1. Which condition breaks for His119 when tested against (1) open to solvent by 30 Å² or more (accessible area, probe 1.4 Å); (2) in contact (Cβ under 8 Å) with a residue 24 or more places away in the chain?
2. Take the range 25-41 and flag every residue that is closer than 17 Å to Leu77 by Cβ, modelled with pLDDT of 95 or more and outside any strand (DSSP E or B).
3. Quick check on the range 135-164: of everything there that is out of contact with any Leu (no Cβ under 6 Å at 6 or more places or on another chain) and part of a helix (DSSP H, G or I), which residue is surrounded by the most Cβ atoms within 10 Å (Cβ to Cβ)?
4. Quick check on my filter: what residues within the range 98-150 are more than 20 Å from Val79 (Cβ to Cβ), at pLDDT 95 or above and basic (Lys, Arg)?
5. Scan the range 165-187 residue by residue and report those that are charged (D, E, K, R), under 17 Å from Val120 (Cβ atoms) and surrounded by fewer than 15 Cβ atoms within 10 Å (Cβ to Cβ).
6. Go through (1) part of a loop (DSSP other than H, G, I, E, B); (2) over 17 Å from Ala8 (Cβ atoms); (3) open to solvent by less than 50 Å² (accessible area, probe 1.4 Å) for Lys113 and report which single condition fails.
7. Only one residue in Glu16, Glu72, Glu47 is touching a Leu at 6+ places or on another chain (Cβ under 7 Å), open to solvent by 50 Å² or more (accessible area, probe 1.4 Å), assigned to a helix (DSSP H, G or I) and free of Cβ contacts under 8 Å to residues at least 40 places away in the same chain, so which one is that?
Amino acid sequence: MKKIVIFASGTGSNAEKIILHFKKSNLGNVVAIFSNNPRAKVLQLAENHAISSVVFNKGELNDGVVLKVLNEIQPDLIVLAGFLWKFPASIIQQYPNKVINIHPALLPKYGGKGMYGMHVHQAVLENKEVETGITIHYVNENYDEGAFIFQKAVAIEDCTTSEQIAEKVHQLEHEFFSVVIERLLEG
């Protein structure tokens, strides 16, 4: 069985879809949830599914503590699912082409530092875009600049609020993220 580790900072709606998807798969499963937020709802999700969790601070992420724990697990894939901190080069180098992220826009538009969640959807709305979508990409040393793995667009001409855009983007995330992860694990 291939081992998936998820990094998340918030509620974990994508993490839950991934967990449930792989509970029905004999290809792999989620073995740990890592979070920088001790109050993140994703940690309760981990507990509910009997998945180990690791809470860490910025120092532990950047000084090798988190990397040491990852090396003990030896994950086949590290999935950033709503993880808001810049991922350290030391982990990316140790796990080349094994760290992926999902971004709630069609990169390269609306990427970079500070462009996450509702910030992205609000910018899309203010710029009167007719479509947006998701980008699943490899993580490199720069925010949202890693090689693209998958993109999917959705029309948003009917959306008048950033919340409506967010809902359409979440639907895409929930529909495609687990499927793309499965394809990556299959090689």
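1. So His119 meets the others, but not (2).
2. So the first thing to find is which residues in the range 25-41 are closer than 17 Å to Leu77 by Cβ, and the list is 25-34.
Filter once more, so that each one left must be modelled with pLDDT of 95 or more: 27-34.
If the condition is that a residue be closer than 17 Å to Leu77 by Cβ, modelled with pLDDT of 95 or more and outside any strand (DSSP E or B), then Leu27 is the only one that fits.
3. Gln164
4. Passing the criteria: Lys109, Lys128.
5. Scanning the range 165-187 gives a single hit, Glu167.
6. Evaluating Lys113 over (1) part of a loop (DSSP other than H, G, I, E, B); (2) over 17 Å from Ala8 (Cβ atoms); (3) open to solvent by less than 50 Å² (accessible area, probe 1.4 Å) leaves (3) as the failure.
7. Working: Glu72 fails: touching a Leu at 6+ places or on another chain (Cβ under 7 Å); Glu47 fails: touching a Leu at 6+ places or on another chain (Cβ under 7 Å).
Just one listed residue meets the conditions, Glu16.
The values are calculated or read from the model by the stated rules, or taken from the named source; none is laboratory data. All values derive from a computational prediction rather than experimental measurement. Heads up, the Cβs are rebuilt from the backbone with ideal geometry, glycines too, and the neighbour counts pull from every protein chain shown. The area values use the complete protein model at the heavy-atom level, side chains included, leaving out ligands, DNA and RNA. Shrake-Rupley method; radii C 1.70, N 1.55, O 1.52, S 1.80 Å.
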